[in-house]
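Here the structure is laid out as structure tokens; the discussion comes afterwards.
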Amino acid sequence: MRIQRYIGVDYGEKRVGLARADDELLMAVPHRVFLFDENRDEDMEHLAVIIKGDADAIVVGLPLTLNGTEGQMCEKVREFAQDLQFRTDLPVHFQDERMTTRENVGLLQGMPTEEKRKLMDALAASSILQTWLDKSKPRKMIGDERTIKLSGDENR
């Protein structure tokens, strides 16, 4: 059985951050930032080819408002995801992306602003994918032969 490959996406109108999950589906790592220019349709096709070559499923960040509702940007993200799903024929999952950019700001302190902007999108995609991976992991039960006991866990 082949391992599922997941790619995380942080959509922006000018840039799209991409992240990959490791083979064990334990950790998401920043992968690249894709820049859009004037030819949006051609750019979307190129992005779809990149993603299809790297993934079996896509996790797209959904920018909910702080109170958990969908705003105007969510509509654009859903349109983008629908287009991406059509072009790649891959399943698309959505993950709340609130606070992902803010979580990563401290990691980039001291970097030049333009480099920071580019890396931020890939880091945000990584946070989106990591959150989704963490929520999607099957929970191991005590006594499962695949469960590793850690020191101090003897009483659990």
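The values are calculated or read from the model by the stated rules, or taken from the named source; none is laboratory data. Everything quoted here is computed from the prediction, not taken from an experiment. We place every Cβ from the backbone using ideal geometry, glycine too, and count neighbours over all the protein chains shown.
Observations, loosely collected:
- Residue in the range 95-109 that is under 17 Å from Leu129 (Cα atoms) and touching a Lys or Arg at 6+ places or on another chain (Cβ under 7 Å) present: no
- The range 46-57 residues that are free of Cβ contacts under 8 Å to residues at least 60 places away in the same chain, paired with ones that are among the β-branched types (Val, Ile, Thr) and outside any helix (DSSP H, G or I) (beta carbon under 7 Å, 6 or more apart): Leu47/Val16; Ile51/Ile7; Ile51/Ile58; Asp54/Ile7; Ala55/Ile7
- Residue check for Gln82: touching a Phe, Trp or Tyr at 6+ places or on another chain (Cβ under 7 Å) and modelled with pLDDT of 85 or more: no
- Candidate set from the range 1-15 (those that are in contact with a Lys or Arg (Cβ under 9 Å, 6 or more places away or on another chain) and not aromatic (Phe, Trp, Tyr)); member that is surrounded by the most Cβ atoms within 10 Å (Cβ to Cβ): Gly8
- Inspection of the range 30-41 identifies no residue that is surrounded by 13 or more Cβ atoms within 10 Å (Cβ to Cβ), within 15 Å of the chain's Cα centre (by Cα) and assigned to a helix (DSSP H, G or I).
- Test result for Leu90, of a type outside the set (Phe, Trp, Tyr), part of a loop (DSSP other than H, G, I, E, B), surrounded by 15 or more Cβ atoms within 10 Å (Cβ to Cβ) and touching a Ser or Thr at 6+ places or on another chain (Cβ under 9 Å): no
- Test set (1) in contact with a Leu (Cβ under 9 Å, 6 or more places away or on another chain); (2) more than 12 Å from Ala124 (Cα to Cα) - Arg98 fails condition number: (2)
- Some residue of the range 16-26 being out of contact with any helix residue (DSSP H, G or I) (no Cβ under 6 Å at 6 or more places or on another chain), at pLDDT 95 or above and either of a type in the set (D, E, K, R) or not in a strand (DSSP E or B) (or both): yes
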